[in-house]
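The values are calculated or read from the model by the stated rules, or taken from the named source; none is laboratory data. If you're wondering where the values come from, they're calculated on a predicted model, not measured in any experiment. Neighbour counts are summed over all protein chains in view; Cβ atoms, including those assigned to glycine, are modelled from backbone coordinates with ideal geometry.
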Amino acid sequence: MELNAISIGFVVFTIFTLGGAFGVVTTRNLFQGTIWLMVSLFGVAGFFVLLSAPFLAAVQILVYIGAIAILITFAVMLTRSIARIKERYIRTLPNFIASLALFLILLLGVTIPIFGPHSPASIPEYVASTRDLGAALVDENGYVVPFLLASVLLTAAMIGAIFIARDETT
Amino acid sequence: MVPLWMYLAVAAALFSIGVFGVLARRNAVAILMSVELMLNAVNINLVAFWRYSETGTDLLLNGYVFTAFVLIVAAAEAAVGLAIIITVYRNRRSVIPEEARALKG
């Protein structure tokens, strides 16, 4: 791997992503955990840019950092019982060993098959643009049915969330 | 250009950190945040395979569109999950999932 802008960006975004993820699972204060989650999601958005999917990076920042992280912040503020939880973790050591084993299995399972003859020699020159994505989303031979189903799902989730979280005493 | 397996390795590490958070954390909000980390690891994998695959022109957008739908489902999941957490907290004054066992037989 030669040293150029892409590899430097890859290293930087790896530090962002994994460091933020470590912060999320280790920090005691959930507010700080939310900030770490934003750092991690920002790193993932950087990966999307490196993989030439800038639209997904923008959606990642808007939806995850702009909406989901703020939503989690509100949930943290509305459920103040941090002081009641004495220990952060349950069954720390077995869970850690299980996660480490899962990581090793995943690493071997996903990287070994793509070494050797199956390794992609060169990445494709032509990359679908955001214009192609927009055309495919409303194309009847493309993804118009999942697109409509996604809007139904979002509406149902929004109504359901309001219905569940509604205070019935008022 | 960064080889494909490095993206997959980073995604595997992110997924494993998320699994540890889901299994070990006691706060339901922290568990939900860890689930978001796992979903992001899946998204990295999907986009990386989409970028490196050499398919024909008619399948060119599958990974891209699938990632967008994973994002949509994650947004819906976060909204409903946090609503459930707030309701459980209002009824039981607790965000520890083990203490919400009213439906346990």
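Taking each residue of region B:25-42 that is more than 7 Å from chain A (Cβ to nearest Cβ) and looking for partners that are among the basic types (Lys, Arg) with beta-carbon atoms closer than 7 Å, six or more apart or interchain, yields B:Ile31/B:Arg25.
Filter region A:127-143 down to residues that are part of a helix (DSSP H, G or I) and not small (Gly, Ala, Ser), then give me how many there are. Full working, then the answer.
The first filter runs over region A:127-143 and keeps only residues part of a helix (DSSP H, G or I), leaving A:130-137.
Filter once more, so that each one left must be not small (Gly, Ala, Ser): A:130-133, A:137.
Summing the residues that are part of a helix (DSSP H, G or I) and not small (Gly, Ala, Ser) in region A:127-143 gives 5.
Do we have any residue at all in region A:7-18 that's under 17 Å from the mean Cα position of the chain (by Cα) and closer than 16 Å to B:Phe20 by Cα? The answer is yes; a qualifying residue exists. Can you name the residue in region B:4-56 that is farther than 25 Å from B:Ser94 by Cα and outside any helix (DSSP H, G or I) and is also modelled with the lowest pLDDT among such residues? Taking the candidates together, the pick is B:Gly56. Residues in region A:64-83 that are of a type in the set (Val, Ile, Thr) and surrounded by fewer than 19 Cβ atoms within 10 Å (Cβ to Cβ): 4 in all. All of A:Phe163, A:Phe147 fail the test of being out of contact with any Asp or Glu (no Cβ under 7 Å at 6 or more places or on another chain) and exposed (fewer than 13 other Cβ atoms within 10 Å of the Cβ), apart from A:Phe163. B:Phe49 passes every criterion in (1) aromatic (Phe, Trp, Tyr); (2) without any contact (Cβ under 8 Å) to a residue 40 or more places away in the chain; (3) more than 7 Å from chain A (Cβ to nearest Cβ) apart from (2).
Conditions tested, residue by residue: (1) more than 9 Å from every other protein chain (Cβ to nearest Cβ); (2) more than 30 Å from A:Leu51 (Cα to Cα); (3) charged (D, E, K, R); (4) part of a helix (DSSP H, G or I).
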{"site": "A:Val145", "(1), (2), (3), (4)": "yes, no, no, yes"}
{"site": "A:Leu148", "(1), (2), (3), (4)": "yes, no, no, yes"}
{"site": "A:Ala161", "(1), (2), (3), (4)": "no, yes, no, yes"}
{"site": "A:Glu168", "(1), (2), (3), (4)": "yes, yes, yes, no"}
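With respect to the numbered conditions (1) aromatic (Phe, Trp, Tyr); (2) crowded, with 21+ Cβ neighbours inside 10 Å; (3) under 18 Å from the mean Cα position of the chain (by Cα), which one is the sole condition not fulfilled by B:Trp50? (3) is the only condition that B:Trp50 fails.
Identify, please: which residue in region A:83-100 is in a helix (DSSP H, G or I) and in contact with a helix residue (DSSP H, G or I) (Cβ under 9 Å, 6 or more places away or on another chain) and is, among those, modelled with the lowest pLDDT? Explain how you work it out, then say what you get.
First, the residues of region A:83-100 that are in a helix (DSSP H, G or I): A:83-84, A:92-100.
Filter once more, so that each one left must be in contact with a helix residue (DSSP H, G or I) (Cβ under 9 Å, 6 or more places away or on another chain): A:92, A:94-96, A:98-100.
Details: A:Thr92: 79, A:Pro94: 85, A:Asn95: 85, A:Phe96: 88, A:Ala98: 89, A:Ser99: 88, A:Leu100: 91.
The qualifying residue modelled with the lowest pLDDT is A:Thr92.
Any residue in region A:20-43 that is small (Gly, Ala, Ser) and on the phi > 0 side of the Ramachandran plot?
We begin by selecting, within region A:20-43, every residue small (Gly, Ala, Ser); these are A:20-21, A:23, A:33, A:40, A:43.
Then drop every residue that is not on the phi > 0 side of the Ramachandran plot, which leaves none.
Checked region A:20-43: no residue is small (Gly, Ala, Ser) and on the phi > 0 side of the Ramachandran plot.
Test A:Pro54 against the criterion of being assigned by TED's automatic domain parsing to the domain that holds A:Leu18 and either in contact (Cβ under 8 Å) with a residue 24 or more places away in the chain or more than 15 Å from the chain's Cα centre (by Cα) (or both), and give yes or no. Criteria met by A:Pro54.
Quick check on region A:113-120. Is at least one of its residues over 30 Å from A:Val25 (Cβ atoms), more than 7 Å from chain B (Cβ to nearest Cβ), modelled with pLDDT of 80 or more and not in a helix (DSSP H, G or I)? No - not one qualifying residue is present in region A:113-120.
When residues in region A:131-147 are screened for being within 22 Å of the chain's Cα centre (by Cα) and more than 17 Å from A:Val59 (Cα to Cα), 1 of them pass.
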